[in-house]
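Scroll down for the structure; my scribbles are underneath it.
Any read-out appearing in this document is the output of simple, stated calculations on the displayed coordinates, not a laboratory observation. Just so we're clear, the structure is a prediction, and the values are computed from it rather than from any experiment.
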Amino acid sequence: MNLSNKQKQYLKSEAHHLKPVVMIGANGFTEGVLAEIENALNFHELIKVKISSEDRETKKLICDAIVRETTATQVQLIGSILTLFKPSEDKKITLPKK
């Protein structure tokens with residue numbers, strides 16, 4: 001899903017007050033973590049994921065894997081916090097027009 005700059009800005013403002021719902025720690029990116037991210041995306045549509053990794057390259061690889069496996073859209077990555085958006089059947093978040 002391609003988002004316009006206006007839509008990304010809207011999602012960033014909506015996500016600003018959110019806390020991370022999934023945290024990836026020492027065990028890394030596992031199938032259990034992937035299932036939790038999928039459940040959270042289906043329920044909330046817009047979530048934050050905290051990735052606890054010191055290595056920048058590892059963090060980037062984990063982010064890419066999450067986006068690829070969930071087919072979600074990466075809204076932003078700031079430090080160790082990844083913001084994801086994936087519309088659900090209920091369409092809880094209405095995006096502005098492009």
Angle, helix 56-70 long axis vs. longest principal axis of the chain, Cα atoms, 0 to 90°, nearest 10? 50
Which one, (1) 6.0; (2) 6.8; (3) 8.9, gives mean projected area of the Cα convex hull in nm² as derived from the coordinates shown? (1)
Total Lys pairs in the stretch 1-61 closer than 21 Å by alpha-carbon, pairs eight or more apart in sequence or interchain only? 17
Whole-Å distance linking the alpha carbon centroid of the stretch 1-54 with that of the stretch 64-83 is 6
May I ask you to derive the relative contact order of the chain, considering only C-alpha pairs under 8 Å and at least 6 residues apart, and to give it as an integer percent? 36
